[in-house]
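Written out below as structure tokens is the structure these notes cover.
The values are calculated or read from the model by the stated rules, or taken from the named source; none is laboratory data. From a predicted model like this one, the values you see are computed outputs, not experimental measurements. Backbone-built Cβ (ideal geometry, glycine too); neighbour counts: all protein chains shown.
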Amino acid sequence: MSQNTTIDNTTSPSSTNPADSSIIILGAGIIGLSTAYYLSSSPPKVSPQNITLLDTSPTLFACASGRAGGFLAKDWFGAASSKLGELSFDLHRQLADANDGRRRWGYSPSNSYSFERGTGEGGRKRGDDWLREGTSRVDASSGVGGVDDGNVQRGIAPAWWNCEGGKVELSCAGDSTAQLDPHGLCEFLLEEVRRRGVTVRHPVTPVRVVQSADRRLEGLIISNGDGTAEEVLPCSHILIAAGSWSGRLFEKLFPTSEYRLPISSLAGHSIIVRSPVHRPQQGGSEDHHAVFSSIDGLDWHPEAFSRVNGDIYLAGINSASIPLPELATDVKDNDADIQKLISAAKDLIVQFGVGGDDDDTRDGLTNEANVIGRGLCHRPVTPAGKPVLARVPDALLGGLNTKAGGGVFVATGHGPWGISMSLGTGKVMSEMILGGEATVDVSQLGLQ
């Protein structure tokens, strides 16, 4: 199927009585959890006891859902995703306001900046690996607005960012950008859906779908973590929300289908560092910043986020050639790329390696230079550079029949915007699964 072709996203609505639905969500990352959160917020349409979240990993949030940067934007998206992005941004704020999100998962409005050093007039390098429908986040950040007097603007720059020899512009104030700790948000969502009665099981492996004599969807066979025992879980609906693993999972469950979900992985390395200059106080966006940079001599775009807890998250080295492992917990970072990030931190983070919390280490790291975390995210991307939020037509399921009730759904392919679009995606997918009208138009985000 051409990458510019989108299958109609509004056909074959479910006719199952929602109260009788048994919903299985494959993938307990932030998209799956967000969907379970909004599904379980909607009784009596569906009972939380009829919702099951499954994940193959023994440890949850071991990849992008727990290790991404957590940057949120309201209006940095192309036309197809713009309404979803805006909805999700508002839902993030509402959820944080209602549940002490600043304390529980580090939610905060954030000032955002673009920074250039030595790129020359019109010389900004493109970073198409970010797949912002043709532009990088450094391009996006510079295109929103801001100030440019042609000089180093030290007064508006974050105190922890080294502006020497470059130019910084304020792109957005905290009314349209924010940030959070993805792992903390996932932990909150997991706790909440479990409290409501949603079943969460891991590690388990989906084996195959169960069909009736007339080839109607009846359930899903799963095996336990070591593959020694199998069981059947009845279901009327299946949502595949397994991130970069979604394509593999679709092919496994529907082997006779000629359709292949066009999901690939864009891997990105990151480090978490500390600087004594970044000492956030209780307050608004003035202490929390996002910087997107373009620097001569680097073939990648450093981007950094200063968090509520004092961390500074640095990333920007991305690759589409790093193999996707079998499980998220098998992801291994590349030391050479981590060292590139550390070198950039020494250049760009003020007083990096000076002071800090000597005992505050994570991921088994020593704190020689205040590097307290390192990671690798595999983010799901599509050829068209936009996510997929869709019901899969029966014609693409290799003969499986769901038209009389239920259905198979997909939510993946968000690229670098999975955290930002997570809550909006969860809300829209819950509405789609229950056969209702979506809060925002996602007709351009159908199967590709």
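Among the candidates 272, 222, single out the residue that is over 30 Å from residue 338 (Cα atoms), touching a residue at least 12 places away in the same chain (Cβ under 8 Å) and not aromatic (Phe, Trp, Tyr). Quick ask: steps written out before the conclusion?
Numbers: 272 fails: over 30 Å from residue 338 (Cα atoms).
None of the others qualify; the one that does is 222.
Suppose the filter is under 21 Å from residue 179 (Cβ atoms) and either among the β-branched types (Val, Ile, Thr) or surrounded by fewer than 21 Cβ atoms within 10 Å (Cβ to Cβ) (or both); does residue 47 pass it?
Working: under 21 Å from residue 179 (Cβ atoms): no; either among the β-branched types (Val, Ile, Thr) or surrounded by fewer than 21 Cβ atoms within 10 Å (Cβ to Cβ) (or both): yes.
No.
Does the stretch 298-321 contain at least one residue that is part of a helix (DSSP H, G or I), among the hydroxyl-bearing types (Ser, Thr, Tyr) and surrounded by fewer than 21 Cβ atoms within 10 Å (Cβ to Cβ)? Steps first, answer last, please.
Step one: of the stretch 298-321, the residues part of a helix (DSSP H, G or I) are none.
There is no residue in the stretch 298-321 that is part of a helix (DSSP H, G or I), among the hydroxyl-bearing types (Ser, Thr, Tyr) and surrounded by fewer than 21 Cβ atoms within 10 Å (Cβ to Cβ).
Here is a yes/no grid of residues against (1) surrounded by fewer than 18 Cβ atoms within 10 Å (Cβ to Cβ); (2) more than 25 Å from residue 350 (Cβ to Cβ); (3) modelled with pLDDT of 90 or more:
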site	(1), (2), (3)
138	no, no, no
161	no, no, yes
183	no, yes, yes
186	no, yes, yes
195	yes, yes, yes
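Just to verify a result, which residue in the stretch 236-264, among those that are β-branched (Val, Ile, Thr) and within 23 Å of the chain's Cα centre (by Cα), is farthest from residue 24 (Cα to Cα)?
To start, the set of residues in the stretch 236-264 that are β-branched (Val, Ile, Thr) comprises 238, 240, 256, 263.
Now drop any that are not within 23 Å of the chain's Cα centre (by Cα), which leaves 238, 240, 263.
Details: 238: 5, 240: 9, 263: 21 Å.
If we take residues in the stretch 236-264 being β-branched (Val, Ile, Thr) and within 23 Å of the chain's Cα centre (by Cα), then 263 is farthest from residue 24 (Cα to Cα).
Which condition from (1) assigned to a loop (DSSP other than H, G, I, E, B); (2) of a type in the set (Val, Ile, Thr); (3) modelled with pLDDT of 70 or more is the one that residue 168 breaks?
Evaluating residue 168 over (1) assigned to a loop (DSSP other than H, G, I, E, B); (2) of a type in the set (Val, Ile, Thr); (3) modelled with pLDDT of 70 or more leaves (1) as the failure.
In the stretch 290-348, what residues are hydroxyl-bearing (Ser, Thr, Tyr) and within 26 Å of residue 107 (Cβ to Cβ)? Can you show your working first?
Start the filter on the stretch 290-348 by keeping residues that are hydroxyl-bearing (Ser, Thr, Tyr), which leaves 293-294, 306, 313, 319, 321, 329, 343.
Selection gives 293, 306, 313.
I'd like to verify a number: residues in the stretch 176-205 that are more than 19 Å from the chain's Cα centre (by Cα) and small (Gly, Ala, Ser), how many?
1
Limited to the stretch 395-415, what total is found for residues that are in contact with a strand residue (DSSP E or B) (Cβ under 7 Å, 6 or more places away or on another chain), modelled with pLDDT of 95 or more and either outside the structural domain of residue 32 (by TED's automatic domain parsing) or not in a loop (DSSP other than H, G, I, E, B) (or both)? So that I can check it myself, show each step before the final result.
The first filter runs over the stretch 395-415 and keeps only residues in contact with a strand residue (DSSP E or B) (Cβ under 7 Å, 6 or more places away or on another chain), leaving 397, 400-402, 404, 406-415.
Add one more test, that the residue is modelled with pLDDT of 95 or more, and what stays is 397, 407-415.
Still in the list and also either outside the structural domain of residue 32 (by TED's automatic domain parsing) or not in a loop (DSSP other than H, G, I, E, B) (or both): 407-412, 415.
Here the count works out to 7.
Given the criterion modelled with pLDDT of 95 or more, part of a helix (DSSP H, G or I) and of a type outside the set (Val, Ile, Thr), identify the matching residue among 28, 36. So that I can check it myself, show each step before the final result.
Details: 28 fails: part of a helix (DSSP H, G or I).
Answer to the check: 36.
Only one residue in 268, 247 is closer than 27 Å to residue 34 by Cα, in contact with a Cys (Cβ under 6 Å, 6 or more places away or on another chain) and either basic (Lys, Arg) or buried (at least 21 other Cβ atoms within 10 Å of the Cβ) (or both), so which one is that?
Numbers: 247 fails: in contact with a Cys (Cβ under 6 Å, 6 or more places away or on another chain).
Exactly one residue qualifies, and that residue is 268.
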